[in-house]
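Note sheet for the following structure.
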Amino acid sequence: VDIGRGSVRLVILNLSRNVVYGTKEDTGEVHPEEAFADRLCALILRSIEESGVDTAKLVGIGIAMPGLIEQETGHVLFSPDFDWNDIPLQSWLQRKLPYPVLVENANRALALAESDDTQSTGKQAGNSALCVNIGHGIGAALVQDGRLYYGSSGTSGEIGHITVSKDGPLCACGNSGCLEAMASGDAIAQQARDAVRSGIPTALRTLCEHSLENINAKMVFDAAAVGDMVALSIVDKATDYIGIGLAMAINILDPDRIVLCGGLTKNGPAFFDRVVKSTSKRQMRQAGRHVTISVGKKGDYGTAIGAALIIPYNGWRVPALQHLY
């Protein structure tokens, strides 16, 4: 299960890692939190029934959501996307669902999916892969030798909350000038709204049909594609900031691969080429000289697929799943 800001996506995988069922539904209201957990349980049970899968063969349920997740307990420590603090999501779901449940950070789930190459090669692809998810927000996760890297307190991967502009706008995390506040899909849309509101001539005013609420990142990229100078400026600045963040990661981590995922990657060369150019310009000479940068291949359901992979990957956290090892 992938709990996203706009939608909840669910897939069922067999042990060959093939998707045998998939569906999605609007996320809806996430407060009060326990009421949302109840709705989520109902959706999961309904989806399992609709899938026609033999429930006796269901091994467990992996849940992926944005935020800081305590690895041992599946406790949501903080989720700025949902404005959640100290939420025992795994415990709530486990009490209501008749299957073992594991909750994990969404970026780590996505990284598991994008780094998993067992279907074709029987092993993990590459020694180290940094998966960077660039959509409404920006997050990342590192897979090293087939294992997720958590860090000493389990909070690694928060690339979206490195400061890239000390006088930048306030971020949802409480800091100012974070990469996410400067270059995420939400940030791009907000910058475009501010430009239209200021009265600067731009095609965005017509594209949004004079309603600021209609502006999203895709609209900004579309306007940039036809030469709108305001949109081009916003896109250039955002992709430059993303390149700065990736160059920092390369200088520090020196990964084999960087895999870019998320909604902004759907903008093709207008996004990818700009990001690669900015990254190569910013990274230290000779640093990361072997790194490759590519776009993820798992699509919109990649995080949900990764959530299913959490079960065999982290089954040791649940006694009922230890037979997997």
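The values are calculated or read from the model by the stated rules, or taken from the named source; none is laboratory data. Since the structure is predicted, the reported quantities are computational estimates derived from the model, not experimental observations. A quick note on method: Cβ atoms are made from the backbone with ideal geometry, for glycine too, and the neighbour counts reach across all protein chains shown. Heavy atoms of the whole protein, side chains included, go into the accessibility calculation; ligands, DNA and RNA do not. Shrake-Rupley method; radii C 1.70, N 1.55, O 1.52, S 1.80 Å.
For this structure, a couple of remarks:
- Label-to-label distance, nm, for residues given as Thr55 and Glu25 (7 Å Cα→Cβ offset): 1.6
- For the chain, carbon and sulfur atoms together expose 52% of the accessible surface, with a 1.4 angstrom probe and every protein chain in place.
- Within the full protein context, the accessible area of His75 is estimated at about 40 Å² for a probe radius of 1.4 Å.
- Calculated FRET value between Ser211 and Asn18, using beta carbons and R₀ = 41 Å, to 0.05: 0.45
- HN-Hα J in Hz across the range 223-239 - Karplus 6.51, -1.76, 1.60, θ = phi - 60°, x for Gly and Pro: 5, 5, 5, 9, x, 5, 5, 5, 5, 4, 5, 5, 5, 4, 5, 5, 5
- Probe 1.4 Å, protein heavy atoms only - accessible area per residue of the range 174-296 in square angstrom: 49
- Once all protein chains are placed together, Glu29 keeps about 110 Å² accessible to a 1.4 angstrom probe.
- Three-way shape label, the range 70-117, alpha-carbon gyration tensor, a/c 1.5: oblate
- Dipole of the range 235-325 [Lys/Arg +1, Asp/Glu -1 at C-beta], most positive-end residue of Asn251, Leu264, Ala308: Asn251
- Probe 1.4 Å, all protein chains present, accessible-area order of Asp222, Asp2, Asp83, largest first: Asp83, Asp222, Asp2
- Under 5 Å between amide hydrogens, built in the peptide plane, is the criterion, and for Gly4 it picks out Arg9 among residues at least 5 positions away or on other chains.
- For the range 81-91, the Karplus equation 6.51 cos²θ - 1.76 cosθ + 1.60, evaluated at θ = phi - 60°, returns couplings of 4, 9, 6, 9, 9, 6, 10, x, 4, 4, 5 Hz by residue, with Gly and Pro reported as x.
- Residue-level accessible surface for Asp167, protein heavy atoms, 1.4 Å, Å²: 130
- Amide H contacts of Glu104 (H built 1.01 Å from N, under 5 Å, at least 5 apart or other chain): Ile63, Ala64, Met65
- Distant-in-sequence amide contacts of Phe78, defined by a placed amide H-H separation under 5 Å and a gap of 5 or more residues or a different chain, comprise Leu68, Asp86.
- Along the range 242-251 the Karplus relation, 6.51 cos²θ - 1.76 cosθ + 1.60 evaluated at θ = phi - 60°, assigns HN-Hα couplings of 5, x, 4, x, 5, 5, 4, 4, 5, 4 Hz to successive residues, with x for each Gly and Pro.
- In a fully extended conformation the segment linking Ala320 and Cys173 would gain 49.3 nm over its present Cα-Cα distance, using 0.36 nm per residue.
- Cα-based shape type of the range 17-155, given that a ≥ b ≥ c are square roots of the gyration tensor eigenvalues and the cut on a/c is 1.5: oblate
- Separation between Cα centres of the range 15-51 and the range 276-325, rounded to whole Å: 23
- Helix-only mean residue ellipticity at 222 nm for the chain, each DSSP H run of n ≥ 4 adding -39500 (n - 2.57), per residue, nearest 500: -12000 deg cm²/dmol
- Using a cut-off of 19 Å between Cα atoms, the listed pairs Lys266/Lys298; Lys277/Lys297; Lys237/Lys297; Lys24/Lys57; Lys218/Lys266 include Lys277/Lys297; Lys237/Lys297; Lys24/Lys57 as exceeding that distance.
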